[in-house]
Amino acid sequence: MVRALGLLLPRPPRLSSLSRTRSSPLLASLHHSTAASLAPAPAAARLVESPLGRRLGLRFVSVGTPGLGLRRRSVMTKAVAMGSLSEVGLTKTAAAVVPEVEVKAVEVEIGKWTGDLLVVGVFEGSAGKGEGGKFENAELAALDERVGGLLSDIATEEDFGGKPGQVTVHRIAGCGFKRVQLVGLGKVEKATATTKVWKTLGESLGAEAKKAQAGSAAVVVVDAGSLSEDVKHAAVTTITAGAVLGSFEDMRFKSEFKKPLLKSLELLGLGSGEKFDGLISQAVKQSTGVILAKQLVNAPPNVLIPSVMASEAEAIAAAHGDVMTCQILEKEECEKLGMGAYLGVSAASTNPPKFIHMRYSPAGAVTTKLAIVGKGLTFDSGGYNLKTGPGCMIELMKFDMGGAAAVLGCAKAIAAIKPEGVEVNFIVAACENMISGGGMRPGDILTASNGKTIEVNNTDAEGRLTLADALVYASNLKVDKIVDLATLTGACIIALGNEIGGMFTPSDELAEELVAASKKGGEKFWRMPMEDSYWEMMKSNIADMVNTGGRPGGSITASLFLKHFVDENIPWAHLDIAGPVWKDKMGGTGFAVATLVEWVVKHKTTS
């Protein structure tokens, strides 16, 4: 049989003794409980275990108000038979332990709160002392009196003045709470809606609660009355998200672990009421999406193969069947659509590719249609251009689906938040980039689904090939805007480091939208140039283009490559998240989920 790698020319279907028999799909009836109403306060996360999640150790979080009546939905969905998946290493995945925290904004005096952990955010200047070494600030003085002057002594001994990054924790006896944590917030005039101090405060709270196994916690910001309403709103949102995420630890692959005990968090003195309840509710739902993205990125490649990622997408859709659908295109369906670039990358793997399309459809009229596309390489060996040598990071190439993880995390959050008036299409071309006698070779020419031909001069520049067909697919949906996310280039890490993602877009308006969303979500992106003259490096003598142009401007030429697969009439942005998607000693960060959620919610209509 003639091999049709890349769909360059029509060929009859090939048979290969090297290919694993594809596992038969089965129909599984799944019963998921969903909240009949998602009233905003108090927000809490409730876990729902799904058969589809057992392989990955995930349970799906339904976020709503405790005590509401729940209705049961029976959903028929297609799943891959779990017994037929790869069993490399015989790894057994434990169920995920996801924080279930009820968060409330309340008006309670700092001196009257009781519980396990009290976290006090202190601005520079608020910790000043008068005669006798006592705090001049009335709030701190009242708390200090309650603990017998211990706080003022601690502040003196440890030179705590509220500078950013200063944190001190002490156990307290006989005062109604067990521990007090002081966190420096810096100068009050620098405490804007986008400042990092709120995230730091929330994460410090979550980390200490996890360490101390605290079941209840509260956070108070001294002199919060001097903050504007917008800053208070941002503080409540970011502290909530930081606390939930800070108390999470991925322990599915450890033989022994402790479960987080934090069940309640009260935000004191920042405000209360319907507006604050709504902000907290969205923050909790967004955090569940970030946690899902972290879990997906952390999962080893012998566990998270393309079919498992597809099953997770189906399970999210099943859990939110009132607003979410999911379609999985198999290899044969992708061939009919002419996805030669995507199928060329997946050709060497015994695990078949899975093209995922989830659609969020709100109740009522749709005024805006969006598409979010994520790179979904569940493992990237580099192919015949094998990743070798120091710095190649082949042992970390499970995170090469960080873009796809952000897409699924965003989908989960948006399905729970339910913004009105905006349709969102979530797209992932999931596959592995491996090596075999039937795999893609340097020098091969692939034909993408828009007819463009690509000479492969580096099999390790594979992510852009999968995105090419995914972007054509998204463009054919006739959406209003497209954003893609990918751990695409090492060049972007060299340019921006591990904390900042690169943004490439010809659209100034879309760039402004994403910058605003990233600031609100507490993430950093930097807009990079798309220099058209660099395209000369991407031209091929025998095809329309090559897939990589060399080392100079590598992230720029990659974005120029992607541009050729997007309808020029649709505003589009490419986000290179290779740097911030992973942190050593921590693992997956869930980066970009918050930005995507904020971007989608900004497009909602208000009734």
### Summary
Within the range 575-592, restricting to residues that are in contact with a Gly (Cβ under 8 Å, 6 or more places away or on another chain), open to solvent by less than 10 Å² (accessible area, probe 1.4 Å) and not in a loop (DSSP other than H, G, I, E, B), the one that is nearest to Asp250 (Cα to Cα) is Gly588
## Note on the structure
If we ask which residues in the range 101-111 are of a type in the set (D, E, K, R) and crowded, with 17+ Cβ neighbours inside 10 Å, their number turns out to be 2
#### Entry: Close pairs (6 angstrom Cβ cut-off, 6 or more residues apart or separate chains): within 23 Å of Phe525 (Cα to Cα) and acidic (Asp, Glu) in the range 466-495, in a helix (DSSP H, G or I) and at pLDDT 95 or above anywhere
Asp484/Leu467
### Summary
Over the range 369-386, the set of residues open to solvent by 30 Å² or more (accessible area, probe 1.4 Å) and part of a loop (DSSP other than H, G, I, E, B) is Tyr384, Asn385, Leu386
#### Entry: Filter result (within 16 Å of Val188 (Cβ to Cβ), in contact (Cβ under 8 Å) with a residue 12 or more places away in the chain and open to solvent by 60 Å² or more (accessible area, probe 1.4 Å)) within the range 130-155
Glu139
### Query
Mind checking whether some residue in the range 207-227 is closer than 29 Å to Lys418 by Cβ, out of contact with any strand residue (DSSP E or B) (no Cβ under 8 Å at 6 or more places or on another chain) and surrounded by 22 or more Cβ atoms within 10 Å (Cβ to Cβ)?
no
### Message
Checking the structure you have, find out if any residue of the range 468-488 is outside any strand (DSSP E or B), farther than 30 Å from Gly278 by Cβ, among the hydroxyl-bearing types (Ser, Thr, Tyr) and over 26 Å from the mean Cα position of the chain (by Cα).
### Response
no
### Query
What do you reckon, is Gln282 open to solvent by 30 Å² or more (accessible area, probe 1.4 Å), touching a Ser or Thr at 6+ places or on another chain (Cβ under 9 Å) and part of a helix (DSSP H, G or I)?
yes
### Query
Within the range 180-219, how many residues are over 15 Å from Ser264 (Cβ atoms), touching an Asp or Glu at 6+ places or on another chain (Cβ under 8 Å) and outside any helix (DSSP H, G or I)?
6
### Message
Could you check the range 252-272 and list, in sequence order, the residues that are touching a strand residue (DSSP E or B) at 6+ places or on another chain (Cβ under 7 Å), in a loop (DSSP other than H, G, I, E, B), surrounded by fewer than 21 Cβ atoms within 10 Å (Cβ to Cβ) and not small (Gly, Ala, Ser)?
### Response
Lys263
#### Entry: Whichever residue in the range 526-571 is among the aromatic types (Phe, Trp, Tyr) and in a helix (DSSP H, G or I) and, among such residues, is least open to solvent (accessible area, probe 1.4 Å)
Phe561
### Query
Given the residues Ala415, Ala448, which is the only one that is open to solvent by less than 40 Å² (accessible area, probe 1.4 Å), among the aliphatic types (A, V, I, L, M), more than 25 Å from the chain's Cα centre (by Cα) and at negative phi?
Ala448
### Task
Go through the residues of the range 156-172 one by one and say whether even a single one is part of a helix (DSSP H, G or I), open to solvent by 80 Å² or more (accessible area, probe 1.4 Å) and more than 15 Å from Asp223 (Cα to Cα).
yes
#### Entry: Cβ-Cβ under 6 Å pairs, at least 6 apart or on other chains, the range 509-526 side within 12 Å of Val593 (Cα to Cα) and in contact (Cβ under 8 Å) with a residue 60 or more places away in the chain, far side outside any strand (DSSP E or B) and among the aliphatic types (A, V, I, L, M)
Gly521/Ala594; Glu523/Ala594
### Summary
Taking the range 235-251 and keeping only residues that are open to solvent by 10 Å² or more (accessible area, probe 1.4 Å), over 13 Å from Gln286 (Cβ atoms) and more than 16 Å from the chain's Cα centre (by Cα), one is left with Met251
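The values are calculated or read from the model by the stated rules, or taken from the named source; none is laboratory data. Every value quoted in this text rests on a predicted model; they were computed, and no experiment measured them. All Cβ positions, glycine included, derive from the backbone under ideal geometry; neighbour counts span all protein chains shown. The accessibility values were calculated without ligands, DNA or RNA, using every heavy atom of the protein model including side chains. Shrake-Rupley method; radii C 1.70, N 1.55, O 1.52, S 1.80 Å.
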